[in-house]
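K.L.:
Here you go, one structure.
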Amino acid sequence: MVPSRDEREAAALFAERYGRPGSDATRDLERLVIGSDFGANGYTTMAQADLLVERLDLAEGKRLLDVGSGRGWPGLYLAKKSGCGVVVTDLPEEAMRTAAHRAGSEGFSDRAHMVVASARRLPFGTATFNAIVHTDVLC
Ligand SMILES: C[S@@+](CC[C@H](N)C(=O)[O-])C[C@H]1O[C@@H](n2cnc3c(N)ncnc32)[C@H](O)[C@@H]1O
C-alpha cells in the first residue's frame, strides 16, 4: 500500500523531531503540563493514562498495542504501571530506538516490543491484542 501524503508528512516531521534530544526545559515543561517525561508529542496526561489502565483493564497477561507511540508515551507507561505486555509502533525508527532504550533501562524489555509500522498496514493478526491506544495517528 502506498503511504498517504499525510503519512509521509508525519513520518518526515516526526523523524526530525524524534532525532533531536529533548532539553531540560522541554522535559520540565512536559512534567508540569502532562506529568510524563518521555519527550511526548501528544497531550495524554498522566491522569488520563492512569484512567486508561483501569478502563482498559490492563494487567499482567494482557497485551496492549500503542499505535503512533512516538518515544513510548503512553504505551510504555501503561505497561510498566499495569504489568501488561505492550507493542509500541510508529513510523520513525528514531522513536522506536528511544522507546527500546527506555524499556531496557526501566527493566521491562521482556514484555515491551517496538515495531516500525504504518497504522495503515499493521503487521499483526486479528485478536492479537486485548486493547489498543493511539494518539493523533493520520492514515
Ligand atoms: C501527536 S504524536 C503522539 C506521539 C505519542 N503518542 C505521544 O503522545 O507523545 C502522533 C504520532 O503518530 C505517528 N503517526 C502519525 N500517522 C501515523 C501512521 N499512519 N502510522 C503510524 N504512526 C503514525 C507520528 O509519527 C507521531 O509519532
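K.L.:
Leaving out ligands and nucleic acids, and using a 1.4 Å probe, what accessible area per residue does the chain come to in Å²?
P.N.:
56 Å²
K.L.:
Compute the FRET efficiency between ARG55 and GLU16 as 1/(1 + (r/R0)^6), taking r as their Cβ-Cβ distance and R0 = 35 Å, and round to the nearest 0.05.
P.N.:
Calculated transfer efficiency: 0.55.
K.L.:
Would you mind giving the average projected area, over all directions, of the Cα convex hull of segment 5-134 in nm² with one decimal?
P.N.:
7.7 nm²
K.L.:
Cut-off 10 angstrom, C-alpha nodes, Gaussian network model of the chain. Which of VAL33, VAL86, VAL53 fluctuates the most?
P.N.:
Highest fluctuation of the listed residues: VAL33.
K.L.:
Then there's this: How much net charge surrounds PRO3 when only the other residues with a Cβ under 10 Å from the Cβ of PRO3 are counted, with Lys and Arg +1 and Asp and Glu -1?
P.N.:
Local charge sum for PRO3: +1.
K.L.:
So how much slack lies between PHE108 and ARG27, counting 0.36 nm per residue of separation and subtracting their Cα-Cα distance, in nm?
P.N.:
26.9 nm
The values are calculated or read from the model by the stated rules, or taken from the named source; none is laboratory data. Note that the coordinates shown come from a computational prediction; the quantities given were computed from them, not determined experimentally. Ideal geometry is used to build each Cβ from the backbone, glycine not excepted, and the neighbour counts take in all protein chains shown. What goes into the accessible areas is simple: the full protein's heavy atoms, side chains included, and nothing from ligands, DNA or RNA. Shrake-Rupley method; radii C 1.70, N 1.55, O 1.52, S 1.80 Å.
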